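Remarks on the structure that follows.
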């Protein structure tokens with residue numbers, strides 16, 4: 001294995017517009033390559049180090065779906081169950097429909113939202129955190145927005161389409177976190193800590209930081225084209241309440257920590273030292289393509305050509321479509337500040353890539369990074 005092309009790529013993108021980047025490659029449970037370069041703090045010229053905590057944003061979704069799949073494994077719920085069996089406020093939903101004359105009509109939903117719809121992003125939700133009902137719950141709870149109350153508020157908003165008929169990237173996994181709370185009884189963050197991060201020895205992953213961890217939180221940037229440089233932009237815009245444990249975008253972690261979780265999935269649910277978080281059958285269900293043919297046009301991000309969508313993850317289904325060197329069945333997801341997970345049980349390969357730049361250049365960076373990794377093996 002020669003990873004020189006990978007380090008050269010990291011050097012290239014950090015000399016371009018990304019303040020820092022890090023990549024960790026595990027093969028057969030061994031770290032075979034790790035490289036980082038750039039400045040965690042541009043203003044003070046502080047180099048990136050291996051203990052920096054970052055916002056994972058949507059890479060949280062893999063953890064949320066893992067937590068919920070554990071409850072499916074235990075028989076606590078089924079993918080085919082109506083969501084309203086657990087969250088009664090979702091029993092009677094309204095769908096916003098466009099009429100032939102261009103007008104808008106509100107109609108009663110004909111289909112129920114199922115648990116599967118939450119996993120697969122087919123419930124009909126939007127990603128509008130500024131919707132009236134969401135603003136109302138922020139005000140009513142004095143900025144706390146407990147996860148369960150967030151889900152109750154979202155149920156008041158009309159759906160964009162009949163559940164199960166289309167795919168739309170949305171707040172599904174935030175509701176899935178509330179579902180875990182209701183089915184299990186613990187707060188979502190406590191469940192994740194007790195059942196996943198704690199057993200795996202992940203001490204730097206969670207929804208809230210200690211004082212010591214806050215001192216290690218990496219500054220966050222956004223590239224300003226007018227100024228021609230990254231500018232500081234801290235905070236997580238998806239964390240709309242102090243008690244809102246966002247299953248869609250709320251986790252913070254380090255590269256060293258989160259790769260432990262990703263590698264357990266690469267091992268089809270069990271860590272190298274024997275901690276089992278999912279069964280091989282559940283991991284295979286997660287990376288199965290759950291899109292119907294009518295949903296393909298909805299899942300149209302250029303960097304995900306050749307991929308389907310599983311239970312909270314992209315999953316590689318067509319080499320001809322993707323032009324990717326990864327094998328079919330490789331899966332994972334990414335986050336708003338640019339981190340990327342590559343989980344590949346068949347190659348026994350795990351990759352955790354991290355950066356902390358909001359306009360993240362994902363369509364450029366991620367497909368190239370993936371091909372370079374596989375070419376280096």
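The values are calculated or read from the model by the stated rules, or taken from the named source; none is laboratory data. Just so we're clear, the structure is a prediction, and the values are computed from it rather than from any experiment. Cβ placement follows ideal geometry from the backbone for every residue including glycine, while neighbour counts extend to all protein chains displayed.
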So residue 194 ticks every box in (1) touching a residue at least 60 places away in the same chain (Cβ under 8 Å); (2) out of contact with any helix residue (DSSP H, G or I) (no Cβ under 6 Å at 6 or more places or on another chain) but one. Which box is left unticked? (1)
Just checking, which of 281, 264 is within 21 Å of residue 68 (Cβ to Cβ) and loosely packed, with under 15 Cβ neighbours inside 10 Å? 281
For region 197-205, indicate whether the set of residues that are surrounded by 18 or more Cβ atoms within 10 Å (Cβ to Cβ), in the same structural domain as residue 278 (by TED's automatic domain parsing) and in a helix (DSSP H, G or I) is non-empty. yes
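To keep it simple, each residue is scored yes or no on (1) out of contact with any helix residue (DSSP H, G or I) (no Cβ under 8 Å at 6 or more places or on another chain); (2) more than 30 Å from residue 111 (Cα to Cα).
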{"residue": "142", "(1), (2)": "yes, yes"}
{"residue": "164", "(1), (2)": "no, no"}
{"residue": "180", "(1), (2)": "no, no"}
{"residue": "189", "(1), (2)": "yes, yes"}
{"residue": "203", "(1), (2)": "no, yes"}
{"residue": "215", "(1), (2)": "yes, yes"}
Could you check how many residues of region 332-364 are in a strand (DSSP E or B) and either outside the structural domain of residue 65 (by TED's automatic domain parsing) or more than 12 Å from residue 263 (Cα to Cα) (or both)? 5
I'm told residue 373 meets every condition in (1) in a loop (DSSP other than H, G, I, E, B); (2) within 26 Å of residue 15 (Cα to Cα); (3) in contact with a strand residue (DSSP E or B) (Cβ under 7 Å, 6 or more places away or on another chain) except one. Can you identify the failing condition by its number? (1)
Only one residue in 13, 54 is in contact with a strand residue (DSSP E or B) (Cβ under 9 Å, 6 or more places away or on another chain) and part of a helix (DSSP H, G or I). Which one? 13
State whether one or more residues within region 1-10 are under 26 Å from the mean Cα position of the chain (by Cα) and closer than 30 Å to residue 174 by Cα. no
Any chance region 297-306 includes a residue that's in contact with a helix residue (DSSP H, G or I) (Cβ under 9 Å, 6 or more places away or on another chain), at pLDDT 95 or above and over 30 Å from residue 229 (Cβ atoms)? yes
From 43, 30, grab the single residue that is surrounded by fewer than 13 Cβ atoms within 10 Å (Cβ to Cβ) and within 26 Å of the chain's Cα centre (by Cα). 30
Given the conditions (1) without any contact (Cβ under 8 Å) to a residue 24 or more places away in the chain; (2) under 25 Å from residue 282 (Cβ atoms); (3) touching a strand residue (DSSP E or B) at 6+ places or on another chain (Cβ under 9 Å), and given that residue 346 satisfies all but one, which numbered condition is not satisfied? (3)
Matching residues in region 64-84 - criterion: being within 20 Å of residue 125 (Cα to Cα) and either touching a strand residue (DSSP E or B) at 6+ places or on another chain (Cβ under 7 Å) or buried (at least 17 other Cβ atoms within 10 Å of the Cβ) (or both): 64, 65, 68, 79, 80, 81, 82, 83
